[in-house]
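J.: The structure that follows is given in the form of structure tokens.
The values are calculated or read from the model by the stated rules, or taken from the named source; none is laboratory data. If you're wondering where the values come from, they're calculated on a predicted model, not measured in any experiment. No Cβ is skipped: glycine too gets one built from the backbone with ideal geometry, and neighbour counts run over all protein chains shown. With ligands, DNA and RNA removed, areas are computed over all heavy atoms of the protein, side chains included. Shrake-Rupley method; radii C 1.70, N 1.55, O 1.52, S 1.80 Å.
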Amino acid sequence: MKSMMLRALRDLGEVCKVLVVVGVPGALLLFHVWQEYQITQAGYAIAEVTQEHRDLLEEHKRLTVEATMHGRADRVALTAREQFGLEPARPEQIIVLDVQGGPEEHASLNPGAVFTR
């Protein structure tokens with residue numbers, strides 16, 4: 001009976017050694033995989049937020065330019081009315097010009113160019 005108990009304790013010791021030799025590296029490996037997965041997910045989240053930040057910056061620039069242009073147009077219109085007595089054009093005051101002819105009838109940036117018809 002005593003020998004059976006010693007053999008059982010020895011077997012239990014062997015099982016514990018195997019668990020330590022296999023279990024600890026296995027647990028470390030699983031922890032490493034989980035940690036890499038979390039890092040990857042955080043990277044995706046950062047990329048998404050970064051793209052959203054870029055989009056918002058672009059929209060901010062566009063809105064700033066639009067607000068600036070709108071403010072300038074209002075100031076120009078106010079100055080035109082107050083200082084010069086100008087009013088917006090009425091439809092009957094607008095004249096539409098029909099420009100005909102090809103590019104050879106227009107000035108050239110090349111001073112030596114000669115166009116013939």
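J.: Does segment 83-105 contain at least one residue that is touching a Leu at 6+ places or on another chain (Cβ under 8 Å) and surrounded by 10 or more Cβ atoms within 10 Å (Cβ to Cβ)? If you could, list the steps in order and put the result at the bottom.
T.: Here is the first cut: in segment 83-105, the ones touching a Leu at 6+ places or on another chain (Cβ under 8 Å) are none.
Among the residues of segment 83-105, not one is touching a Leu at 6+ places or on another chain (Cβ under 8 Å) and surrounded by 10 or more Cβ atoms within 10 Å (Cβ to Cβ), which makes the answer no.
J.: Here are some residues: THR40, THR68. Which one is among the hydroxyl-bearing types (Ser, Thr, Tyr), within 22 Å of the chain's Cα centre (by Cα) and open to solvent by less than 100 Å² (accessible area, probe 1.4 Å)?
T.: None of the others qualify; the one that does is THR40.
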